[in-house]
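The next block holds one structure in the form of structure tokens; read it before the comments.
The values are calculated or read from the model by the stated rules, or taken from the named source; none is laboratory data. Every value quoted in this text rests on a predicted model; they were computed, and no experiment measured them. Using ideal geometry, Cβ is built from the backbone for each residue, glycine included, and neighbour counts are taken over all protein chains shown. Note: areas computed on protein heavy atoms with side chains; ligands, DNA, RNA excluded. Shrake-Rupley method; radii C 1.70, N 1.55, O 1.52, S 1.80 Å.
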Amino acid sequence: MKKLRLIQQIHDAGVVAVLRGESPEEVVEVAKRAIEGGIKVIEVTMTVPFATEAITRLTKMYSSEDPQADNYAIIGAGTVLDSETARLTILAGAEFVVSPGFDRDTIMLCNRYRVPVMPGAVTVHDIVASLELGVDVIKLFPGNLYSPSVIPSLKGPLPQANIMPTGGVNLDNLHEWIKAGAFAVGIGSDLTKDAMKSGNLDLISEKARAYIDAFKKTKA
């Protein structure tokens, strides 16, 4: 039941913050600002040095149990390339696993432990292969290869596919992706680049609020 609950919560949240950084300490601080701004789903990428430390710290700080609680947030792992890494992130506390591509062993391991897994897909073949392995959400990556119209085109023959575009999603086109039928959207550098350039991490909270406001207005 926890897996199904998490998938529904990610869908309801609508926006996933994909966080990279130079250290676990940096990523934790960035995550805190994003959560303060209203983004409640955090993906810590495994390109971060000692990324599992950041995942563990964040899962101790936040809980996915009660969406109304002050410390509510869902913490997952991204850029997971293989099943060995997936298992390490799950042991560190990750509640969902995201991959940039399709890896059968990673999907099977996550299914074994009933952890939501979101493999990356570029082609219809990738999407069908993921569905055959029981994947609930497929990451369309890189999303900037496509326009939002790709989602209804894909869901014509594959209406059962839940698609989450990541890469190329921004405040200007978020509403187009959601209206096109995106399960949720992944937000990467657009959330953090201004803050990291200026050193003012409060800008992350402001940008997060803008994303959540845009999502809520589109869903209203």
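Selection within the range 184-202: residues that are of a type in the set (Ser, Thr, Tyr) and open to solvent by 70 Å² or more (accessible area, probe 1.4 Å). The member of this set that is farthest from Asn144 (Cα to Cα) is Ser198.
Take Gly143 and decide whether it is at pLDDT below 95, closer than 25 Å to Thr85 by Cβ and surrounded by 14 or more Cβ atoms within 10 Å (Cβ to Cβ).
Numbers: at pLDDT below 95: yes; closer than 25 Å to Thr85 by Cβ: yes; surrounded by 14 or more Cβ atoms within 10 Å (Cβ to Cβ): yes.
Yes, satisfied.
Within the range 180-202, track down each residue that is assigned to a strand (DSSP E or B) and in contact with a Pro (Cβ under 8 Å, 6 or more places away or on another chain).
Applying the first criterion (assigned to a strand (DSSP E or B)) to the range 180-202 yields 185-187.
Within the range 180-202, Val185, Gly186 qualify.
Only a single item in (1) open to solvent by 30 Å² or more (accessible area, probe 1.4 Å); (2) in a helix (DSSP H, G or I); (3) among the polar types (S, T, N, Q); (4) under 19 Å from Ile39 (Cα atoms) is not met by Ser205, and it is number (1). Residue pairs whose Cβ atoms lie under 6 Å apart, separated by 6 or more positions or on different chains, with the first residue in the range 33-55 and on the phi > 0 side of the Ramachandran plot and the second modelled with pLDDT of 95 or more and surrounded by fewer than 24 Cβ atoms within 10 Å (Cβ to Cβ), are Gly38/Ala208; Gly38/Arg209; Gly38/Ile212; Phe50/Pro24. Of all residues in the range 94-122, those satisfying the criterion of being closer than 15 Å to Asn162 by Cα and not in a loop (DSSP other than H, G, I, E, B) are Val98, Val117, Met118, Gly120, Ala121.
Does Phe215 satisfy the criteria of being within 22 Å of Lys40 (Cβ to Cβ) and either in contact with a Cys (Cβ under 9 Å, 6 or more places away or on another chain) or outside any helix (DSSP H, G or I) (or both)? Answer is no for this residue.
Pairs linking a residue in the range 150-179 that is free of Cβ contacts under 8 Å to residues at least 60 places away in the same chain and farther than 22 Å from Leu133 by Cα to a residue that is in a loop (DSSP other than H, G, I, E, B) and among the aromatic types (Phe, Trp, Tyr), with Cβ atoms under 7 Å and 6 or more positions apart or on different chains, are Gly167/Phe141.
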